[in-house]
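Participant: Below you'll find the structure I mean.
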Amino acid sequence: MTNTLITGANRGLGLALVTAGLNRGETVFAGVRNPERADALQALKASFESQLHVLQLDVNHEVDRQGAIAAISPHGALDLLIHNAGINSKSKGMAEGHVRFGTLTESALMSNVKTNAIAPLLLTQTLEPLLTKSKSAVVIAISSWFASLEESHERDFNYSYSGSKTLLNMYFRLAGNTLKSKGITTLIVNPGWMQTDMGGGKATLTPETVAESIYTLEQKADTTMAAQFFDWNGDRHPW
């Protein structure tokens, strides 16, 4: 049975990925900051009691990252790791210091970099021993089209989010090239414009559609695809 860890699993794309994984028969470790408040996951637990494990996992906290490896280790290898947890400059509670030139602050910029880029890299490093136990482990970093240097970014907007996702891409391009020698395939994925709290109701894609497509991409993954940037539908995305 496939063992899968998904971060940021309590809503949106994360919850859709958990649901899709459970329906595929996988053992899913759902990482969330506050398990007791993750009502949707707790409801799923009632139907998938033996398959679903809800973990306290704030990706920024080293103690939680170590707790993840302790929780998964008794189950053997980790076959799939999906880095979905992240914050957006326009998310609820975010200050203007994240967004526009002239109002930017160091603390705002660094908070996005820490959560969206540094934490996923360190979690991958922590979990590497379990990934190497798998016959064909896959690591997926959920990025954004905002990360692309080749896209036309004409708006003075979203500095901290865009920069943090570009750094995520570089970290996982580097890590992907390192890990493929160990049989671990690392993919970077732009999930597209989704109907989530971040994307809004006018978005063109549902989290469920994107989740299914990401699993389709994961099933095709091999080390020849490592460290590449893909769209949610499997097409290559420009760097």
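The values are calculated or read from the model by the stated rules, or taken from the named source; none is laboratory data. Worth saying up front: this structure is predicted, and the values here are computed from it rather than measured. Here the Cβ positions follow ideal geometry from the backbone for every residue, glycine too, while neighbour counts run over all protein chains shown. All accessible areas refer to the heavy atoms of the entire protein, side chains included, with ligands and DNA or RNA removed. Shrake-Rupley method; radii C 1.70, N 1.55, O 1.52, S 1.80 Å.
Participant: For GLY102, are the conditions met, namely being part of a strand (DSSP E or B) and either within 30 Å of TYR159 (Cα to Cα) or modelled with pLDDT of 95 or more (or both)?
Facilitator: Against the criterion (part of a strand (DSSP E or B) and either within 30 Å of TYR159 (Cα to Cα) or modelled with pLDDT of 95 or more (or both)), GLY102 does not qualify.
Participant: Out of the stretch 1-25, which residues are within 17 Å of ALA68 (Cα to Cα) and part of a loop (DSSP other than H, G, I, E, B)?
Facilitator: Listed by number, the residues that qualify are THR2, GLY8, ALA9, ASN10.
Participant: Output the number of residues of the stretch 154-180 satisfying the condition of being within 15 Å of VAL138 (Cβ to Cβ) and small (Gly, Ala, Ser).
Facilitator: The total comes to 2.
Participant: Let me ask something else. Identify, please: which residue in the stretch 176-197 is part of a loop (DSSP other than H, G, I, E, B) and buried (at least 18 other Cβ atoms within 10 Å of the Cβ) and is, among those, modelled with the lowest pLDDT?
Facilitator: Step by step, filter the stretch 176-197, then rank; the result is THR196.
Participant: When you go through SER134, SER148, SER164 one by one, which is the residue that is open to solvent by less than 50 Å² (accessible area, probe 1.4 Å) and under 14 Å from the mean Cα position of the chain (by Cα)?
Facilitator: The conditions single out SER164.
Participant: Identify the residue in the stretch 41-62 that is assigned to a helix (DSSP H, G or I) and open to solvent by less than 40 Å² (accessible area, probe 1.4 Å) and, among all such residues, is nearest to GLY86 (Cα to Cα).
Facilitator: The qualifying residue nearest to GLY86 (Cα to Cα) is LEU41.
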